[in-house]
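The values are calculated or read from the model by the stated rules, or taken from the named source; none is laboratory data. This structure is a prediction, so every number in the text was calculated from the model and none was measured. We place every Cβ from the backbone using ideal geometry, glycine too, and count neighbours over all the protein chains shown.
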Amino acid sequence: MTVLDEHVADVAYEAHRLTVDTGMAFDEFRRRYEDAVPVFDQAGFQRLIKEGADWSTVLGFTERNAPHHFIIYWSLDNSEILRLSGDRWRSVQYLMGNHTIAQRMFHHDPAVMEYAPLRTTIYQHSDGYARFAIDQPSRQFAGFGNPAIAAVGVELDREVATLLEFLEVPVPSQLITSPSR
């Protein structure tokens, strides 16, 4: 970390974008991904807030609503917006994560929310098949210089690997053999 002045720090870290050739048509992979990673239950969570639920209730609620440990908090179909320019590529980006996992990092440094939830993209490659792209979580979170945060990043690598395995697509070895931090 370089401190530029009393108000600004510059932290360099190494990012690794992993791109997986799914071998599936765009619509098929998108459907499978969205079936496996459900949309955040905003109404249900608002009920928990209104009721003043304790953290163990939040953990149970989240576990029941995130069968593969991830939730979609936001998505944007780039295809629709950029088609107006004449582009015909198909692409959807997501913020995918789990607030109960993020809390374990947030507890140490709230700046981790820059990378939690994880940003993912599904896009159609020129060969017609869908690609899944994600920056390797362990690389992003290692940049905070805190071993507890880095350990959760490695755990997230493994959770992404498990999700990709469930989706029956190749799992990048980097997600399984994350460098220890």
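Figures for the structure shown
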| item | result |
| --- | --- |
| Where a residue in region 8-19 is farther than 19 Å from R131 by Cα and its partner, wherever it lies, is basic (K, R), with Cβ under 8 Å and at least six apart | Y13/R139; E14/R139 |
| Pairs with Cβ under 8 Å, 6+ apart, first in region 34-62 and within 26 Å of E159 (Cα to Cα) and free of Cβ contacts under 8 Å to residues at least 12 places away in the same chain, second of a type in the set (A, V, I, L, M, F, W, C) and in a helix (DSSP H, G or I) | T57/L48 |
| A116 touching a helix residue (DSSP H, G or I) at 6+ places or on another chain (Cβ under 8 Å), under 20 Å from E14 (Cα atoms) and in a loop (DSSP other than H, G, I, E, B) | yes |
| Single match in R104, R90, R131 (criterion: among the basic types (K, R), over 24 Å from S173 (Cα atoms), at pLDDT 95 or above and buried (at least 17 other Cβ atoms within 10 Å of the Cβ)) | R90 |
| Residue within region 101-113 that is in contact with a Gly (Cβ under 9 Å, 6 or more places away or on another chain) and assigned to a strand (DSSP E or B) present | no |
| Selection count, region 66-98, where residues are outside any loop (DSSP other than H, G, I, E, B), of a type outside the set (A, V, I, L, M) and either under 24 Å from Q136 (Cα atoms) or touching a residue at least 60 places away in the same chain (Cβ under 8 Å) (or both) | 9 |
| Count of residues meeting criterion [modelled with pLDDT under 95, within 23 Å of Y94 (Cα to Cα) and touching a Leu at 6+ places or on another chain (Cβ under 9 Å)] in region 1-58 | 0 |
